[in-house]
1. State the extension gain, in nm to one decimal, for the chain segment bounded by Arg166 and Val62, taking 0.36 nm per residue of separation less the distance between their alpha-carbons.
2. Relative contact order of segment 115-265: what whole-number percent is it, with Cα pairs under 8 angstrom and at least 6 residues apart?
3. What is the gain in length, in nm to one decimal, between Leu84 and Asp252 on full extension, counting 0.36 nm per residue of separation less the C-alpha to C-alpha distance?
4. In debye, nearest 20: dipole of segment 115-265 around its Cα centre with unit charges on the Cβ of K, R (+) and D, E (-)?
Amino acid sequence: MTEKRTRLVVVVVVLGQLLLLGAQVPAADGGQTLLAGAWMRGIAPLAALVDGAADAVSGLAVYWTTRRRLLSENDRLRRENERLRQLAVRNLGVTADLERLAAAVDYGRASGRTVRLADVVYSDRVSWPRTMLVRLGAAGVGHNDPVITDAGLVGRVVGVSGRYARVQLIIDRSASVGVMVERTRRQGVVRGSSGGLALQFIPLQADLVVGDRVVTAGIDGVYPRGIAVGTVTRAEAGNELFYEVELAPAVDFATVDHVYILEPEELPEALRDPAAPTPDAVR
């Protein structure tokens, strides 16, 4: 055996003896042996590191599981919210239609007239004449039948073809309506104008102020009394004996999608004045 190998054997034997002694000699506190204590001190940090890594992996798994569940729940709630929003919009439209219909039916009941619902299929508020084309739920309307919304007066029927009718709007320049100032009962005539509506034949001595509400007077043989026409927005002295008056229409014609057509109220033949002008002649 060479000298190098001899030294190696001696070192191994000495280390073995030391390990045996460490395994047998108790620690100073009388507990575990020196070798066991050294082992524990060496392995404890590694064990703590392994436990920490295991906890981190477990926490990460819980995080991703919770995240996926929350994202899925959020997506479900978003779809449910969109469905409820669409349902609310549809219900709002139905509610609005029912409210408008109820208002028209109440008016028809109070006036003793039949009310017919019609859908607006075309509206021309720019060119002259200013008209509206409506589709009737049922036939039976006639020339000069008044057309209203729950907000006020729209115009009158000027032509019928099958289930369709053409309506002349009151903002048309050739249209005219017998009206009165609701507050004072002063009567006049409303005609269409470039600015909307003009109230004519109100004398300067009459009591008239901005904000006065103007309604149909029921004196023109077409429109019944009490339908809202507009509100006074300007009242100034004219060149003659009358005011120059502008009205804001009671109806916003840009938002009208349904109208109601009133059955006309005919005077008995025996009470008609042969010399009186017909509604067509007045217009």
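No value in this document is a laboratory result; all are computed from the given coordinates. This structure is a prediction, so every number in the text was calculated from the model and none was measured. Cβ placement follows ideal geometry from the backbone for every residue including glycine, while neighbour counts extend to all protein chains displayed.
1. Numbers: separation 104, 0.36 × 104 = 37.44 nm, distance 6.95 nm.
Taking Arg166 through Val62 to full extension adds about 30.5 nm, to one decimal.
2. Working: 393 pairs, mean separation 37.7, N = 151.
Reported relative contact order: 25 percent.
3. Numbers: separation 168, 0.36 × 168 = 60.48 nm, distance 2.99 nm.
Taking 0.36 nm per residue and subtracting the Cα distance, the gain is 57.5 nm.
4. Values: 15 positive and 17 negative charges, 52 e Å.
Dipole size: approximately 240 debye.
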